[in-house]
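Everything on this sheet refers to the single structure shown next.
The values are calculated or read from the model by the stated rules, or taken from the named source; none is laboratory data. This one's a predicted model, so the numbers in the text were calculated from it and none came from an experiment. Positions of Cβ are generated from backbone atoms using ideal geometry, with glycine treated the same way; all protein chains shown enter the neighbour counts. Side chains are part of the model used for accessible areas, which takes the heavy atoms of the whole protein and leaves out ligands, DNA and RNA. Shrake-Rupley method; radii C 1.70, N 1.55, O 1.52, S 1.80 Å.
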Amino acid sequence: MRGPLTALLRRFGASIALVLAGFLGGLGYALFAPTTYTATAFVLVVDDGGGGDQGPAAVSFAQAYGRLAPLPETLAYSSIRLPRGAAGATREHIQASTSPDTPLIRLAGSAGTARDAAAFANAAADALVRYGTSHRTDTGVRVAPMTLASPPAAPSSPNLPLGVAVGTASGILLAGLTAAVRSGRRGRRDAARPAAVPAP
C-alpha cells in the first residue's frame, strides 16, 4: 500500500499541494477578510428640452454625472452627512455606474456597517440631485431621485462559498499549468535524447 501511495504522491504531490493551498487561501480570506456591506441608490437624468428621459442629452449628462458622483466637490452639495472618517477616501466607498443606452445612474455605497453603506449611497444620490438642479439652466437637464438605498440585511463580502470556489479554482489552474510545463520539459528531454542504434 505504501509503495503505490508513494508513487502517487511523487507524481501528483505538487498538483495536490497547489490545489490544497488554493482551497486554504480562499477559506482563510472568506473567514478573516473584513466585512463589507453594499447599498444601492438610483437617480435618473431627465431632458428638459423635450427629448424626455431617453433623450440623447440626458444619456450624455448621465455619463458625465456618473463620473462626477464620487468626487468630494460633488458630494459637498449633499444635505446628508457622510459617515465619519470618510473624508478624502470617498472613491473607496462610492462607486457610480451608468448605461450607454439609458440615463440611469447607479450609486453603490460600501462600508463596514449596513447603515454607513446606505448613508454613502444616499449622500451621493442627494448630491447629484442638488448638483444637477444648480446647473439645470446651463445643462437643460435635471436629475431626479428614483430609489433610495436601504441598509442591507447581509454583507456583500466576504462570501464563504465564493471565496473557497475561487481559491480552489486558482489552485487547480496553477496545478494544470505546472503539469503542462513539466510535460513539455519531459518531451523536450526525450526528443533530445539520442536514439538507440540497433546492433548489427
Run the numbers on segment 37-147 and let me know its relative contact order in percent, using alpha-carbon pairs under 8 Å that are six or more apart.
41 percent
In terms of solvent-accessible area of protein heavy atoms at a 1.4 angstrom probe, what is the ranking of L128, L68, L174, highest value first?
L174, L68, L128
Quick one: pull the percent of accessible area on segment 37-147 belonging to carbon and sulfur, 1.4 Å probe, ligands and nucleic acids left out.
52 percent
Calculate, in nm to one decimal, what R130 and L20 gain on full extension: separation in residues at 0.36 nm each, minus their alpha carbon distance.
34.3 nm
Estimated inter-spin distance, S79 and M146, nm [label 7 Å along Cα→Cβ]:
2.3 nm
Given 37 °C and 0.692 mPa s, how large is the Stokes-Einstein diffusion coefficient of segment 37-147 in µm²/s, with Rh as the Kirkwood radius over Cα pairs?
241 µm²/s
At 1.4 Å probe size, with every protein chain present, just tell me what the per residue accessible area of segment 37-147 comes to in Å².
50 Å²
Heavy atoms of D116 accessible to a 1.4 Å probe, total area in Å² rounded to 10
50 Å²
